[in-house]
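Nothing in this text is a laboratory measurement; each read-out follows from the coordinates by a stated rule. Not measured: the values here are computed from a predicted model. Methodologically, a virtual Cβ is constructed for each residue, glycine included, from the backbone with ideal geometry; neighbour enumeration extends over all protein chains shown.
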Amino acid sequence: MDKWIPSHQQQSGLISRTFEFFNDELTDLQEELKCPDQFICDFLEVVKNRWSPGSCHSKARQHKRDNPSSY
């Protein structure tokens with residue numbers, strides 16, 4: 001399977017905006033909880049694991065994409 005590469009327009013648009021949104025939300029979370037960077041890093045690891053290609057969540061998303069009429 002070829003690695004997906006976003007277009008320049010996608011990178012400078014939605015991807016850039018999403019990156020900024022995540023950073024703003026994580027900054028707000030840290031400020032409200034008064035937690036260290038390590039907590040944010042660990043939190044992101046949990047999120048990353050949900051999107052890992054081998055996770056059950058990823059497999060379920062792929063199944064839904066492959067079988068839209070089943071949902």
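Can you compute the FRET efficiency between Lys48 and Gln10 using 1/(1 + (r/R0)^6), with r the Cβ-Cβ distance and R0 = 22 Å? Round to the nearest 0.05.
Computed FRET efficiency for Lys48 and Gln10 comes out at 0.60.
Taking only Cα atoms, what is the 0 to 90° angle, nearest 10, from helix 16-33's long axis to the longest principal axis of the chain?
That helix lies at roughly 40 degrees to the long axis.
Would you work out the charge dipole size for the chain about its Cα centre, treating the Cβ of every Lys and Arg as +1 and the Cβ of every Asp and Glu as -1, and quote it to the nearest 20 debye? Spell out each step's value before the answer.
Values: 9 positive and 11 negative charges, 122 e Å.
With only Lys, Arg, Asp and Glu charged at Cβ, the dipole is about 580 debye.
On a 0 to 90° scale, report how tilted helix 56-66 is relative to the longest principal axis of the chain, with both axes built from alpha carbons and the result rounded to the nearest 10.
Approximately 40 degrees, to the nearest ten.
Starting from the chain, pick out the trypsin sites (Lys or Arg not before Pro) whose DSSP state is loop and whose Cβ has at most 16 other Cβ atoms within 10 Å.
Counting only loop positions with at most 16 other Cβ atoms within 10 Å, the trypsin sites (Lys or Arg not before Pro) in the chain are Lys3, Lys34.
Place the peptides 4-13, 21-30 in order of packing, highest mean first, counting for every residue the other Cβ atoms within 10 Å and averaging per peptide. Numbers along the way, then the final one.
Numbers: 4-13: 9.4, 21-30: 11.6.
Taking the mean over residues of other Cβ atoms within 10 Å, the ranking is 21-30, 4-13.
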